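As structure tokens, the structure follows; a few thoughts come after it.
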Amino acid sequence: MFLTTEKPRQPQWVAWSWERLFHEHAIALGQALDNSTLTTYGSHLQSYLTFCKLHDFPLEPTPDMLSFYVVFMAHHIKPNSVSQYLSGIVSSLEPHFPNVREVRNGLLVTRMLTGMRKLRGFTGITRKRALTEDDLLVVLTKFTSHNLDDLLMVAIIFTGFHALMRLGEMMESDNDAKWSFLKTILHHTVVLSLASFSFILPKHKADWLFEENTVMVEA
């Protein structure tokens, strides 16, 4: 019991119904993971389910089961990617198997990942060549029409180059399951001047608190 000398001043909140509590609870829980993350995690879970079905294994994620999955998948994809797959599997299976995170972080699975990294080796990182100012000049000479799609493409390329933005921050995915209006740059946030233009990036990969960012490109 907490004893205080003064009577605390608490606002008089109106009680919610059970229906509203469950409704708001479901909405908040649904926003914990981004649409693109949910889609990716779903793909990871399908790979685990396919592995179990292919080898006639039970679905329960025991240390042996996850370690076998690591060995199998590391022969088809990069071992570092297998670790990312395990994150999606854990997130998807945790409501049904509450101890799956403990199993994933267990000694057998972590050592199996380490062993497969050594056996399969580092395959290197492949990236596309970075754009240069000469490339931008080529874009300007190639897209000379007044077609709206061409002009939009030029705007995206130049904005991404000068503002150091990712493609995912400037356009929508072809997969509509990954669309999120929370990440869409809105037209009314664009501000034009003779010396610069700016706009509001409402949500991006590193913005966990939805604080938004103002992107400005100066002449």
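The values are calculated or read from the model by the stated rules, or taken from the named source; none is laboratory data. Bear in mind the structure is a predicted one, so any value in this text is a computation, not a measurement. Heads up, the Cβs are rebuilt from the backbone with ideal geometry, glycines too, and the neighbour counts pull from every protein chain shown. Ligands, DNA and RNA are excluded from the accessible area calculation, which covers all protein heavy atoms including side chains. Shrake-Rupley method; radii C 1.70, N 1.55, O 1.52, S 1.80 Å.
Listed values, structure above:
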item	result
Residue check for LEU194: assigned to a loop (DSSP other than H, G, I, E, B), modelled with pLDDT of 85 or more and either open to solvent by 60 Å² or more (accessible area, probe 1.4 Å) or among the small types (Gly, Ala, Ser) (or both)	yes
Members of the range 167-180 found to be surrounded by 10 or more Cβ atoms within 10 Å (Cβ to Cβ), not small (Gly, Ala, Ser) and not in a helix (DSSP H, G or I), listed by number	MET170, MET171, GLU172, ASN175, TRP179
Selection count where residues are in a helix (DSSP H, G or I) and open to solvent by 70 Å² or more (accessible area, probe 1.4 Å), scope the range 29-40	2
Some residue of the range 133-154 being open to solvent by less than 40 Å² (accessible area, probe 1.4 Å) and of a type in the set (S, T, N, Q)	no
Output for the range 63-80, where each listed residue is among the aliphatic types (A, V, I, L, M) and either open to solvent by less than 40 Å² (accessible area, probe 1.4 Å) or assigned to a helix (DSSP H, G or I) (or both)	MET65, LEU66, VAL70, VAL71, MET73, ALA74
Cβ pairs under 6 Å, 6+ apart, first in the range 180-196 and over 30 Å from GLY30 (Cα atoms), second open to solvent by 60 Å² or more (accessible area, probe 1.4 Å) and assigned to a loop (DSSP other than H, G, I, E, B)	ALA195/ALA219
Only listed residue being without any contact (Cβ under 8 Å) to a residue 60 or more places away in the chain and either over 19 Å from ALA177 (Cβ atoms) or outside any helix (DSSP H, G or I) (or both), chosen from SER43, SER47, SER91, SER83	SER83
Given (1) at pLDDT 90 or above; (2) surrounded by fewer than 17 Cβ atoms within 10 Å (Cβ to Cβ); (3) in contact with a helix residue (DSSP H, G or I) (Cβ under 6 Å, 6 or more places away or on another chain), number of the condition GLU60 does not satisfy	(3)
Residue list for the range 110-161, restricted to those being under 27 Å from the mean Cα position of the chain (by Cα) and among the basic types (Lys, Arg)	ARG111, ARG117, ARG120, ARG127, LYS128, ARG129
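Each row is one residue, and each column tells you yes or no for (1) at pLDDT 80 or above; (2) part of a loop (DSSP other than H, G, I, E, B); (3) of a type in the set (Asp, Glu).
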position	(1), (2), (3)
THR144	no, yes, no
ASP150	yes, no, yes
LEU182	no, no, no
ILE185	yes, yes, no
